[in-house]
Amino acid sequence: EAAVTQSPRNKVAVTGGKVTLSCNQTNNHNNMYWYRQDTGHGLRLIHYSYGAGSTEKGDIPDGYKASRPSQENFSLILELATPSQTSVYFCASGERGRWEQYFGPGTRLTVL
Amino acid sequence: GQQVQQSPASLVLQEGENAELQCNFSSTATQLQWFYQSPGGSLVSLLSNPSGTKHTGRLTSTTVTKERRSSLHISSSQTTDSGTYLCAIRRQGGRALIFGTGTTVSVSP
């Protein structure tokens, strides 16, 4: 079964600090995604990747960077965290050409 | 505006009642998925149904592609059905899923 894990599960950061959210998948999926979920907006795509070494901007990339150093790992980086980035962040993976996406458990980030 | 709209926003049921959740979308969808999210939890895929009717357990999804709408019918609801149901589409040539804001279902015993 698909296994996507995220760390940390909860994070409190200060405004202006750097935050790195990590995602790991053990299914050898090519595609990985970062979404954020906010009340009234549903899930929105921040960055995605088609494979190791590639990152692409999603619908709301401003203020975020992404890194895909290997097939298994996909990180989301907030260089200068702001309170507006307080949210729940979900990572997902999926096989190229297939419809299903497998989601991680989410990371709750609070920026004070 | 919102590309995927879900209604109602919330729903309260007595155990055993049926429910119908609606999803309307503004773009041609090559993929449509229904997800379940438990309170404070992650997303679990329920059904992929870009067109026609599909069943799984007590769930039935009907998608009318030309009319850009899909429904999810829950029959004989149970308290464990409580949570948020999300509809998501992938547009033709799209990069990833576009989500609606969900319908929160609460089933009381």
Mean-square fluctuation maximum in Gaussian network of chain A, Cα pairs under 10 Å, restricted to A:G17, A:G42, A:G63, hits A:G42
Charge sum, other residues only, whose C-beta stays under 13 Å from B:S75's C-beta, Lys/Arg counted +1 and Asp/Glu -1 = -3
Determine which residues of the range B:1-24 fall in the zone a paramagnetic label at B:K54 would reach in this model, i.e. backbone nitrogen under 19 Å from the point 7 Å along Cα→Cβ.
-> B:4-6, B:20-24
Tell me, how many Å apart are the Cα centres for the range B:40-74 and for the range A:62-101?
-> 26 Å
Local charge sum around B:L21 (other residues, Cβ-Cβ under 15 Å, Lys/Arg +1, Asp/Glu -1)?
-> 0
Pick out, in residue order, every one of the trypsin sites (Lys or Arg not before Pro) in the range A:4-112 that is DSSP loop and has at most 16 other C-beta atoms within 10 Å; say none if there are none.
-> A:R9, A:K18, A:R96, A:R98
How big is the equivalent ellipsoid of the range B:4-108 along its three axes, where each semi-axis is √(5λ) from the Cα gyration tensor, reported in whole Å from largest to smallest?
-> 23, 14, 11
For every other residue with a beta carbon closer than 15 angstrom to the beta carbon of B:S108, add +1 if it is Lys or Arg and -1 if Asp or Glu, then tell me the sum.
-> -3
List the pair-distance distribution P(r) of the protein assembly as shown, using every Cα-Cα distance, as the percent of pairs falling in each 10 Å bin from 0 up to the bin containing the longest distance, rounded to whole percents.
-> 8, 33, 35, 19, 4, 0
Return a whole-number percent for the relative contact order of the range A:26-111, with Cα pairs under 8 Å and 6 or more residues apart as the contact set.
-> 29 percent
Might you work out the accessible area of A:I60 for me, using a 1.4 Å probe with all protein chains in place, and round it to the nearest 10 Å²?
-> 40 Å²
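The values are calculated or read from the model by the stated rules, or taken from the named source; none is laboratory data. Here the structure is a predicted model, which means the values were calculated and not measured. Heads up, the Cβs are rebuilt from the backbone with ideal geometry, glycines too, and the neighbour counts pull from every protein chain shown. The accessibility values were calculated without ligands, DNA or RNA, using every heavy atom of the protein model including side chains. Shrake-Rupley method; radii C 1.70, N 1.55, O 1.52, S 1.80 Å.
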